[in-house]
Amino acid sequence: MFNDIGPLELVTIIVLAVLVFGPDKLPKVIQDVMRTIRKIREFSESAKQDIRSELGPEFKDFEFEDLNPKAFIRKQLDNDELGLKEIRNGFDLKKEMAEVTDAVHGRDTEASSSSSSSSGGRIDMTKKPEDPGTDDRPPYDADAT
């Protein structure tokens with residue numbers, strides 16, 4: 001929660017607390033704040049236990065952190081039953097980007113052609129120069145000139 005507070009900010013908060021509450025009342029204020037935080041934690045834990053007991057045994061593995069969409073998706077993607085780890089591990093982004101770069105620059109290497117033919121149904125995206133016939137002229141647009 002307070003991971004992004006730096007040392008200078010922490011010193012500033014302490015100095016402000018001493019100035020606002022005074023050195024005499026500051027220990028009592030800290031005790032009151034800690035007691036309140038402890039009560040809130042106890043209340044939330046008892047509420048979680050009540051919800052789990054009301055849901056029944058079929059939801060015994062239910063975690064409240066799963067209600068966060070990011071945590072839920074991460075947990076589902078890490079699930080080994082779907083076989084997504086094999087797909088993710090089989091995908092080599094650097095190799096794919098090198099092939100695309102070679103295709104864009106018109107480089108034709110034996111390594112990329114042999115890997116594309118062995119990859120099973122990959123489309124060859126290399127640009128092949130077309131030899132226009134001697135009679136073929138590019139279209140002429142009088143309005144464009």
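The values are calculated or read from the model by the stated rules, or taken from the named source; none is laboratory data. Keep in mind that this is a model prediction, so the values were computed, not measured. Here Cβ is always computed from backbone atoms with ideal geometry, including for glycine, and neighbour counts include all displayed protein chains. Protein only, heavy atoms only, side chains kept; ligands, DNA and RNA dropped before computing areas. Shrake-Rupley method; radii C 1.70, N 1.55, O 1.52, S 1.80 Å.
Numbers below:
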| item | result |
| --- | --- |
| Pairwise FRET efficiency - residue 13 versus residue 36, Cβ, R0 = 25 Å, nearest 0.05 | 0.90 |
| Accessible heavy-atom area order of 61, 24, highest first, probe of 1.4 Å | 24, 61 |
| 75, 28, ranked by accessible area, largest first (probe 1.4 Å) | 28, 75 |
